[in-house]
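What follows is a set of notes on a single structure, which appears directly below.
The values are calculated or read from the model by the stated rules, or taken from the named source; none is laboratory data. Bear in mind the structure is a predicted one, so any value in this text is a computation, not a measurement. Neighbour counts run over all protein chains shown; Cβ positions are idealised from the backbone, glycine included.
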Amino acid sequence: MPTLHEKFRDLPIRHKLGAINLVTTGLALCLATAVLIVTEFFSYRQTLLEDVRVQAAMIGENSAAALVFNDARGAQEILSGLAASPSVVQAAVFDARGTLLAVYRRAGTKAMPPAQPDPDGDRVTWRRLEVFHGVRVKGERTGTVYVHADLDKLYARILWYAVLVTVAVLAALAAALLLLGRLQHGITGPLMRLVGIMREVSQTKNYAARAAVDSRDEVGALASGFNAMLIQIEGHQRDLTQELQERKRAEQRLDYLAHYDTVTHLPNRHFFNEKLKLAIPLALGTGNHAALLFIDLDNFKIVNDTLGHQIGDRLLKSVAERLGASLRRGDMICRIGGDEFAVILEGLGSRDDASMVAQKLHHSLSQVFVLDTHEIFVSASIGISVCPDDGTESDTLLRHADTAMYYAKERGKNNFQYFQAEMTGKVLKRLTLETHLRRALEREEFTLYYQPQYDLKTRGIVGVEALLRWRHPELGVVNPGEFIPVAEETGLIVPIGEWVLRTACRQWSTWKATVGAVPVAVNVSGRQFQEDRLVDLVLEIVAETGIEPSQLTLELTESTLMDNSETMLEELRRFERAGIQLSIDDFGTGYSSMSYLTRFPVNTLKIDRSFVRDIPGDADDVAIAKTIIAMGESLNLKIVAEGVENLEQVNFLQAYPSVAVQGYYFSRPVPVEALTALLQEQQAGAARAA
């Protein structure tokens, strides 16, 4: 049950003010009433006492002769005159010996005078007044007069006086409350209006509303402050809305770039993967077939090399239009990359139905393409894999279609081939590669190369990326593009990745002791993130090697971040709390969503080389690069452009001071000895400049 204090605390201000006014005014008036009544009581009692004293003195003067002659009758007659005084209860006259000579009693009074008179003086109580007055004749005491008066009349008068005062006080209290109520309305009225406008703003979110400022007192200052706050909120709301709109447009643009090819405006590889993953269970559920056609244009590189990339891009767009026009409704064509296209066919009754579509595609390309003054003939090699005959996984179907496409090229190009089991010779090669890969770590066949990252303003090295290289005694140098996918699929990437991280961190400690510390970036695959101990392992290596956490950057792909689980988010936050930097590698080739950039504790964006390769000549790549840079700068992220290979790219990127660069124009990936020499040269140059 709430206490009185709690109830009072929750009252509206006007009720609080009313209660305070009532209590304070009432207390003040009650105190004044009490003072008046007490003062009146003592004043009237004193007056009555004086009257009794006077009466006693007059009786004493008049009774002097009766006392001298011991005339009781005369004394009695003198006392009888007190009947005119309503307050006198009784009176008596005593002779000099203290003998009662005469007595007077008010009718109905049973009181008796004292047996002996007291010395001269007064006795005052709450109920009576008693006066003893000595009578002297020629200086000799001849007797004593005793007068006894009650206070009934006094109390009656005081009661009447109290009633009058109380009525007056109540009237004054009512008038005061009425006046105070009107006066307090000048305070509570603006406050209530301010509360009303506050509730209106809270409910309607209308930050354009304003409170009326009626005075210059504290309430007026409060209203002015509230209005100022609304102005700021309205401004922030407007800025936030504008920023959100800009971000939404940027996200829509990036989403389009992530799902559609900017040259042909066809769905890209990412969109294709999503569509294929949906088509497979649909085919399995309905009992129909789905086919994947992998299309590679024959000799397209010759067109690019002889006529230039602009003609090549226009040709790709024209090819995409013809291929799309040859498909059935519901079929989807995508540009996988370069001169490669893929078609997903759904609802096929049999495996051979894909042949009709492949023939139509070949026929659509048989007509000459006229671009400016150039007549160009294009053919295509098509590989076909069918679900469920050739696989029920998207990666399997794509791999088999790709294998069939290479068989079509080997058979003279400009034809199509269905995947056959005997085409799996590449699988044997892969198994061989896997076998050698399992022994490579223990045989110390791996080494790390380092590619420096440069600040365009100072042309100094601001970081390095550790890149894995495999030199096999029989196979020679194995391309990372060949063995890393195998390592991912087999799980060997986990121990290999641990070796890479530990080796790079140890090398950082060596550099720090010799040529100075330089930040090191190490790639971490999605497969490694599936390990429960990844974060603990990284932190152990950091502690073991002595690398400063802020000097270590872990590079992740966008697809790794798209796991989007709470476990993944917590792992990244543990890295962040430890001070380890996080970078998104090949940004822009995948999901590129502003939402996950703000959700995950990312520090760096790396612009993929595919968007750097054709700048500044390609308007789409320029737009993408600018968008990524603007997005990174708005989120205070570091930006690294990969694949910088010529001066034109450098000149374009120099306009953005926040962008570091990495590419063959400055340095290829080099062994540790070569990079150490570069760092020593940079250190010596800095010393000379100092």
* Among the helices (runs of 4 or more DSSP H) contained in segment 547-613, which hold 1 or more residues that are modelled with pLDDT of 90 or more? -> 566-578, 609-612
* Could you tell me whether L437 is buried (at least 22 other Cβ atoms within 10 Å of the Cβ) and within 30 Å of W499 (Cα to Cα)? => yes
* Within the bounds of segment 141-149, is there any residue that is surrounded by fewer than 19 Cβ atoms within 10 Å (Cβ to Cβ), out of contact with any helix residue (DSSP H, G or I) (no Cβ under 8 Å at 6 or more places or on another chain) and not in a strand (DSSP E or B)? -> no
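Please find, within segment 332-347, the residue that is modelled with the highest pLDDT out of those that are of a type in the set (D, E, K, R), closer than 24 Å to R613 by Cβ and surrounded by 20 or more Cβ atoms within 10 Å (Cβ to Cβ).
R335
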* To do: State whether one or more residues within segment 443-455 are surrounded by fewer than 17 Cβ atoms within 10 Å (Cβ to Cβ), modelled with pLDDT under 90 and hydroxyl-bearing (S, T, Y).
  => no
* Asked: Only one residue in R329, R335, R351 is assigned to a loop (DSSP other than H, G, I, E, B) and touching a strand residue (DSSP E or B) at 6+ places or on another chain (Cβ under 8 Å), so which one is that?
  -> R351
* modelled with pLDDT under 90 and not small (G, A, S), is that true of R329? -> yes
* Got a number for residues in segment 263-319 being within 13 Å of F341 (Cα to Cα), of a type in the set (A, V, I, L, M, F, W, C) and not in a helix (DSSP H, G or I)? -> 7
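With the structure loaded, tell me whether V524 is buried (at least 18 other Cβ atoms within 10 Å of the Cβ) and more than 33 Å from the chain's Cα centre (by Cα) or whether it fails that test.
no
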* Number of the exception - R123 against (1) surrounded by 14 or more Cβ atoms within 10 Å (Cβ to Cβ); (2) charged (D, E, K, R); (3) modelled with pLDDT of 85 or more -> (1)
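Output the number of residues of segment 452-486 satisfying the condition of being polar (S, T, N, Q) and in a strand (DSSP E or B).
Matching residues across segment 452-486 total 1.
Which one is surrounded by the fewest Cβ atoms within 10 Å (Cβ to Cβ), of the residues in segment 384-424 that are assigned to a helix (DSSP H, G or I) and polar (S, T, N, Q)? Please lay out each step first, then the result.
Step one: of segment 384-424, the residues assigned to a helix (DSSP H, G or I) are 394-410, 421-423.
Going one step further and asking which of them are polar (S, T, N, Q), we end up with 394, 396, 403.
Values: S394: 19, T396: 16, T403: 21.
Only one residue fits best here, namely T396.
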* To do: Restrict the check to segment 364-378 and report whether at least one residue is in contact with a Leu (Cβ under 8 Å, 6 or more places away or on another chain) and in a helix (DSSP H, G or I).
  => yes
* Asked: For segment 361-377, which residues satisfy the criterion of being under 21 Å from A342 (Cβ atoms), at pLDDT below 90 and surrounded by 15 or more Cβ atoms within 10 Å (Cβ to Cβ)?
  -> none
* **Matching residues, segment 60-111, being of a type in the set (F, W, Y) and surrounded by fewer than 21 Cβ atoms within 10 Å (Cβ to Cβ)** => F69
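Among the residues of segment 121-134, is any small (G, A, S) and outside any strand (DSSP E or B)?
No: segment 121-134 contains no residue that is small (G, A, S) and outside any strand (DSSP E or B).
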* To do: State which residue pairs qualify: first residue free of Cβ contacts under 8 Å to residues at least 12 places away in the same chain and inside segment 442-457, second residue outside any strand (DSSP E or B) in any location, beta carbons under 9 Å apart, and separation of 6 or more residues or different chains.
  => R443/P473
* Considering (1) over 41 Å from the mean Cα position of the chain (by Cα); (2) closer than 28 Å to A623 by Cα, say which one V263 fails and leave the rest. => (1)
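This table checks each residue for (1) of a type in the set (A, V, I, L, M); (2) assigned to a helix (DSSP H, G or I).
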{"residue": "A75", "(1), (2)": "yes, yes"}
{"residue": "L82", "(1), (2)": "yes, yes"}
{"residue": "V93", "(1), (2)": "yes, no"}
{"residue": "G98", "(1), (2)": "no, no"}
{"residue": "A102", "(1), (2)": "yes, no"}
{"residue": "G108", "(1), (2)": "no, no"}
{"residue": "M112", "(1), (2)": "yes, no"}
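From the residues in segment 203-224 that are closer than 13 Å to L191 by Cα and part of a helix (DSSP H, G or I), which one is modelled with the highest pLDDT?
S224
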* Structure fact -> Considering segment 14-56, residues that are among the aliphatic types (A, V, I, L, M), over 22 Å from L164 (Cβ atoms) and free of Cβ contacts under 8 Å to residues at least 12 places away in the same chain, and then whichever is surrounded by the fewest Cβ atoms within 10 Å (Cβ to Cβ), we arrive at V23
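Each row is one residue, and each column tells you yes or no for (1) surrounded by fewer than 21 Cβ atoms within 10 Å (Cβ to Cβ); (2) in the same structural domain as Q581 (by TED's automatic domain parsing); (3) in a loop (DSSP other than H, G, I, E, B).
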{"site": "E488", "(1), (2), (3)": "yes, yes, no"}
{"site": "V494", "(1), (2), (3)": "yes, yes, no"}
{"site": "W499", "(1), (2), (3)": "yes, yes, no"}
{"site": "A513", "(1), (2), (3)": "yes, yes, no"}
{"site": "V518", "(1), (2), (3)": "no, yes, yes"}
{"site": "V538", "(1), (2), (3)": "no, yes, no"}
* Asked: Hey, does segment 668-687 have a residue that's assigned to a loop (DSSP other than H, G, I, E, B) and without any contact (Cβ under 8 Å) to a residue 40 or more places away in the chain?
  -> no
* Those residues that are touching a strand residue (DSSP E or B) at 6+ places or on another chain (Cβ under 9 Å), more than 27 Å from A517 (Cα to Cα) and of a type in the set (A, V, I, L, M), I need them from segment 443-480; list them, please. => V477, V478
* Considering only residues that are surrounded by 18 or more Cβ atoms within 10 Å (Cβ to Cβ) and either without any contact (Cβ under 8 Å) to a residue 24 or more places away in the chain or touching a helix residue (DSSP H, G or I) at 6+ places or on another chain (Cβ under 7 Å) (or both), look in segment 628-642 and name the one that is farthest from E246 (Cα to Cα). => E642
* Could you grab the pairs with beta carbons closer than 8 Å, sequence gap of 6+ or different chains, first residue in segment 232-247 and β-branched (V, I, T), second one surrounded by 11 or more Cβ atoms within 10 Å (Cβ to Cβ)? => I233/Y207
* To do: Specify the residue that is farthest from L556 (Cα to Cα); the eligible residues are those in segment 605-627 that are crowded, with 16+ Cβ neighbours inside 10 Å, without any contact (Cβ under 8 Å) to a residue 60 or more places away in the chain and aliphatic (A, V, I, L, M).
  => I615
